[in-house]
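The values are calculated or read from the model by the stated rules, or taken from the named source; none is laboratory data. Quick caveat: nothing in here was measured; it's all calculated off a predicted structure. Quick reminder, even Gly has a Cβ in these numbers, built from the backbone with ideal geometry, and neighbours come from all protein chains shown.
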Amino acid sequence: MTSPALAVTGIQKRFGAVEVLRDVSLAVSAGEVLGVVGDNGAGKSTLMKVISGVYRPDSGSVTLEGRATNFRTPRDARNAGIETIYQDLALADHLDVGANIFLGREPMRRLGGVLPMLDEAKIHGEVAALLARIESHIPDPSTRVLDLSGGQRQAVAIARALYWKARIVIMDEPTAALAVMETENVLKMARQLGSEGIGVLFIGHNLVEILGVCDRVMVMYRGRKVFDARCEDTDQTELIRYMTGYADAQTNNKSTNTKREEQP
């Protein structure tokens with residue numbers, strides 16, 4: 001049996017007396033787009049930060065393609081193949097597109113076989129090929145990221161993930177501040193990541209987008225995973241019931257009533 005691209009098992013996380021994550025488990029297959037939804041404070045962002053090495057869990061495990069991980073920093077996670085596209089993108093605004101894609105990992109060449117120099121020709125060629133691959137609407141790769149639109153900035157982050165052969169890409173509210181056309185482009189790129197065999201965690205609030213772009217969706221509520229289903233087997237109404245805690249409360253009430261009925 002093939003191991004999932006990413007498996008999270010029994011994650012617990014506290015900040016002081018506050019239990020933020022309670023026994024959370026999930027699995028993402030290669031090429032699968034998993035939507036993660038929940039109201040503010042549900043624990044979505046904390047879970048993603050555990051997966052991406054920002055936080056270390058108090059208990060539980062994270063495995064990548066069947067191998068246990070022990071990320072101490074986001075760099076560890078990134079080196080292992082987990083790329084995160086945050087809401088604020090974490091891009092270097094005053095650098096151009098190519099510099100952001102290769103940041104810290106720039107290809108070098110040797111002048112006269114001795115003096116190390118930045119291989120600008122390779123950077124420009126690779127960037128042009130990447131942007132064409134994702135059908136990005138960035139006309140000039142030498143443009144500073146500061147001068148790009150929100151959707152174009154998302155494209156830079158996605159191109160970076162593709163170039164460095166990410167195995168898992170976390171997209172945190174990628175369309176929150178985008179216009180309709182740019183939103184469609186980002187959703188298309190999320191699907192493309194999946195089609196190239198990358199496991200995608202797509203965090204969002206827009207249930208129409210989630211059900212349209214994802215293969216499966218899980219709901220978090222107050223630090224727990226309370227629902228998980230294929231998108232074709234659920235709808236907005238059911239997701240909202242779990243996001244608001246209504247379905248969870250109904251389940252607990254039924255369980256309590258059953259126990260009472262079983263008592264002599």
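Take the residues of the range 174-192 that are assigned to a helix (DSSP H, G or I), in contact with a helix residue (DSSP H, G or I) (Cβ under 7 Å, 6 or more places away or on another chain) and not basic (K, R): which is nearest to Q154 (Cα to Cα)?
V186
Residues in the range 123-132: is at least one loosely packed, with under 12 Cβ neighbours inside 10 Å, more than 17 Å from the chain's Cα centre (by Cα) and among the aliphatic types (A, V, I, L, M)?
Yes, the range 123-132 contains a residue that is loosely packed, with under 12 Cβ neighbours inside 10 Å, more than 17 Å from the chain's Cα centre (by Cα) and among the aliphatic types (A, V, I, L, M).
For the range 3-34, how many residues are surrounded by fewer than 18 Cβ atoms within 10 Å (Cβ to Cβ), assigned to a loop (DSSP other than H, G, I, E, B) and either over 17 Å from the mean Cα position of the chain (by Cα) or hydrophobic (A, V, I, L, M, F, W, C) (or both)?
Within the range 3-34, residues that are surrounded by fewer than 18 Cβ atoms within 10 Å (Cβ to Cβ), assigned to a loop (DSSP other than H, G, I, E, B) and either over 17 Å from the mean Cα position of the chain (by Cα) or hydrophobic (A, V, I, L, M, F, W, C) (or both) number 4.
In the range 230-246, is there at least one residue being under 29 Å from K165 (Cα atoms), basic (K, R) and at pLDDT 95 or above?
Yes, the range 230-246 contains at least one residue that is under 29 Å from K165 (Cα atoms), basic (K, R) and at pLDDT 95 or above.
For T69, work out the one condition from (1) touching a residue at least 24 places away in the same chain (Cβ under 8 Å); (2) of a type in the set (V, I, T); (3) in contact with a Ser or Thr (Cβ under 8 Å, 6 or more places away or on another chain) it doesn't fulfil.
Among (1) touching a residue at least 24 places away in the same chain (Cβ under 8 Å); (2) of a type in the set (V, I, T); (3) in contact with a Ser or Thr (Cβ under 8 Å, 6 or more places away or on another chain), the lone unmet condition for T69 is (1).
Name, by its number, the condition in (1) farther than 28 Å from R144 by Cα; (2) surrounded by fewer than 21 Cβ atoms within 10 Å (Cβ to Cβ); (3) in contact with a strand residue (DSSP E or B) (Cβ under 6 Å, 6 or more places away or on another chain) that does not hold for G41.
(3)
Mind counting the residues in the range 220-248 that are farther than 22 Å from G31 by Cβ and in a strand (DSSP E or B)?
Residues that pass the stated criteria total 5.
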